[in-house]
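Before any comments, here is the structure.
The values are calculated or read from the model by the stated rules, or taken from the named source; none is laboratory data. Quick caveat: nothing in here was measured; it's all calculated off a predicted structure. Neighbour counts are summed over all protein chains in view; Cβ atoms, including those assigned to glycine, are modelled from backbone coordinates with ideal geometry.
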Amino acid sequence: MTRSNTFLITTAVLLGGIYCYFFTDWFKEKIIQIIPQNRPMLGAVRPPGSVCPVTFMLEQPYQLTSVSVYSMASLQTNKNSIPVWKLTAKDASKPVRGFAYGSSIAGMTPGRVPASPETLVAESQYRIVIEAGKAHGEALFVPVATPVE
């Protein structure tokens, strides 16, 4: 192989690597898109002061490894605050595209004691943190009070 052929091949490989790094998602951290939604249930009898169920939709199915919900008030005072709800999986859960706050997810177990999630407070801000292998996502949400009929 001549010297010019070696130079051209090396240049082509280098340009291909630069293209892959800057113009593809191969080397970027995967970010999970989370859409929190408050779900008022019409006709449902709920005690006064309770909040509407909160659901979380993901843009595609993920095998979750960790789900944590933190109160923003506690995060502002303590960076290492205890989550109000936490689920973990030893390997990975079954692929899910959405779930509700406090519900069980197949393949995941409560990651803290007590196992039951804390009751959400209306008009308080919370942060959900989701991990699925190397993919990671966060979102803020505010539960709303149950409408009075």
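Only a single criterion out of (1) free of Cβ contacts under 8 Å to residues at least 24 places away in the same chain; (2) surrounded by 14 or more Cβ atoms within 10 Å (Cβ to Cβ); (3) closer than 16 Å to Q37 by Cβ is not satisfied by S103, namely (2). Across the range 123-139, not a single residue is classified as surrounded by 16 or more Cβ atoms within 10 Å (Cβ to Cβ), assigned to a loop (DSSP other than H, G, I, E, B) and either within 12 Å of the chain's Cα centre (by Cα) or in the same structural domain as F56 (by TED's automatic domain parsing) (or both). When K86 is tested against the conditions (1) of a type outside the set (D, E); (2) closer than 30 Å to A135 by Cα; (3) not assigned by TED's automatic domain parsing to the domain that holds F99, the lone failure is (3).
All told, P143 meets the bar of being modelled with pLDDT of 90 or more and in a loop (DSSP other than H, G, I, E, B). Is at least one residue of the range 63-71 free of Cβ contacts under 8 Å to residues at least 60 places away in the same chain, among the small types (G, A, S), closer than 14 Å to R127 by Cα and in the same structural domain as E131 (by TED's automatic domain parsing)? Checked against the condition, which is being free of Cβ contacts under 8 Å to residues at least 60 places away in the same chain, among the small types (G, A, S), closer than 14 Å to R127 by Cα and in the same structural domain as E131 (by TED's automatic domain parsing), the range 63-71 yields at least one hit.
Only one of the listed residues (S81, S74, S93) is free of Cβ contacts under 8 Å to residues at least 40 places away in the same chain, among the hydroxyl-bearing types (S, T, Y), within 30 Å of T119 (Cβ to Cβ) and in a helix (DSSP H, G or I). That residue is S74. Just one of (1) more than 30 Å from T146 (Cβ to Cβ); (2) surrounded by 10 or more Cβ atoms within 10 Å (Cβ to Cβ) fails for I35. It is (1). Quick one: would you say Q60 is farther than 22 Å from P143 by Cα, assigned to a strand (DSSP E or B) and touching a residue at least 12 places away in the same chain (Cβ under 8 Å)? Yes.
Against the conditions (1) in contact with a strand residue (DSSP E or B) (Cβ under 6 Å, 6 or more places away or on another chain); (2) charged (D, E, K, R); (3) modelled with pLDDT of 90 or more, R112 satisfies every one except (3).
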